[in-house]
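Accompanying notes for the structure given below.
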Amino acid sequence: MIRPQKWTIPLSFTPEELGPHNLSIGIPPQFGESLTSNNAVSLSLKVMKDKIRILMISGSPSLSYRFMRMAFKNDPSIDLLSFVVLRTPSDIINVPLQDAES
């Protein structure tokens, strides 16, 4: 039995425009090759800008916080960092406004 050879060929592609792109990659048939249908592949990709970074801080784990967090997490163009700061009324420290600004 003849074992197929495996080759790795590095390819580079630098898109010049945002949006969807259809690419086709193929190699010519090789001597003695009996199956040539696997010599080409077509693929689609979507070129986007860098991810949008969002820092979301909430004072309680509310339904609106959960909704927004899931909406942001399901968007591949968003890099989300979220925190819930749990505070009780006894944790609140009243700071005069002039002290908080400095």
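Residues in the chain average 97 Å² of solvent-accessible surface per residue, probe 1.4 Å, ligands and nucleic acids excluded. With a ≥ b ≥ c taken as the square roots of the eigenvalues of the C-alpha gyration tensor of the chain, please select rounded if a/c is under 1.5 and otherwise prolate if a/b is larger than b/c or oblate if it is not? Prolate.
Comparing Ser37, Ser62, Ser82 in a Gaussian network model of the chain where C-alpha atoms under 10 Å apart are linked, the largest mean-square fluctuation is found at Ser37. Only protein atoms count toward the accessible area here, which uses a 1.4 Å probe; on the chain, the carbon and sulfur part of that area reaches 58 percent. Considering only Pro96, Leu86, Asn39, the residue lying farthest towards the positive end of the dipole of the chain is Asn39, judged by Cα position with unit charges set on Cβ. The chain: longest stretch without exposed trypsin sites (Lys or Arg not before Pro) (DSSP loop, at most 16 other Cβ within 10 Å), sites themselves excluded? Longest site-free region, per DSSP loop and neighbour criteria: 7-48. Between Ser82 and Met56, the built amide H atoms are under 5 Å apart, and every one of these is 5 or more places off in sequence or on another chain.
Mean-square fluctuations from a GNM of the chain, with a 10 angstrom spring cutoff on Cα atoms, peak among Leu43, Leu35, Leu86 at Leu35.
Test of understanding: given the chain, find the longest segment containing no chymotrypsin sites (Phe, Trp or Tyr not before Pro) that are in a DSSP loop and have at most 14 other Cβ atoms within 10 Å. By the stated rule (loop sites, at most 14 other Cβ atoms within 10 Å), 32-102. Computed from point charges on the beta carbon alone (+1 for Lys and Arg, -1 for Asp and Glu), the dipole magnitude for the chain about its Cα centre is near 440 Debye. Among Pro61, Pro15, Pro89, the largest mean-square fluctuation in a Gaussian network model of the chain (Cα springs under 10 Å) belongs to Pro89.
The values are calculated or read from the model by the stated rules, or taken from the named source; none is laboratory data. As the structure is a prediction and not an experimental result, all values here were calculated from the model. Note that each Cβ is placed from the backbone with ideal geometry, even for glycine, and that neighbours are counted across all protein chains shown. Each accessible area value is taken on the protein alone, full model and side chains, heavy atoms only, with ligands, DNA and RNA left out. Shrake-Rupley method; radii C 1.70, N 1.55, O 1.52, S 1.80 Å.
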